[in-house]
């Protein structure tokens, strides 16, 4: 029996029975489920899948979007990392609403950019994350 043919046929049948859903839903027993009948509530996600999701969002989405912004390309690596963290947390579209921060970055006024980060609704929601990202923006250095 050809293993690749067997797996392909089995996948087709499983998808037919389970359906493919990109969002969480409750299955017939009330468990939170995702993808093709994957019971995330009981099984959790394997670490490699979590890391792949992180790679996809950070690299394929956020970094590609950020690289279109000239102001982002002017940042040193630690400051860029802080912006990537912010972008991952709020999404690229919402990041672009940080007008004061972006203007300060364009002016290379990183103290003002850090202050703008801390004076946002986001900072009140995420607290320590905002303080750390703002400190990175202010100093241009990552802490160990």
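Would you point out the residue of the range 60-118, among those that are in a loop (DSSP other than H, G, I, E, B) and within 20 Å of the chain's Cα centre (by Cα), that is surrounded by the fewest Cβ atoms within 10 Å (Cβ to Cβ)? In this case the residue turns out to be 68. Within the range 125-135, being closer than 18 Å to residue 100 by Cβ and under 19 Å from the mean Cα position of the chain (by Cα) holds for 125, 126, 130, 131, 133, 134.
Restricting attention to the range 125-139, the residues that are surrounded by 14 or more Cβ atoms within 10 Å (Cβ to Cβ) and assigned to a loop (DSSP other than H, G, I, E, B) add up to 0. Would you say residue 49 is in a helix (DSSP H, G or I) and in contact (Cβ under 8 Å) with a residue 24 or more places away in the chain? No; evaluated as a whole, the condition is false for this residue.
For the range 18-46, the set of residues classified as part of a helix (DSSP H, G or I) and surrounded by 11 or more Cβ atoms within 10 Å (Cβ to Cβ) consists of 18, 40, 41, listed by residue number.
Bear in mind that the values in this text are calculations on the coordinates, not laboratory data. Only a predicted model underlies this, so the values are computations on that prediction, with no experimental measurement involved. Heads up, the Cβs are rebuilt from the backbone with ideal geometry, glycines too, and the neighbour counts pull from every protein chain shown.
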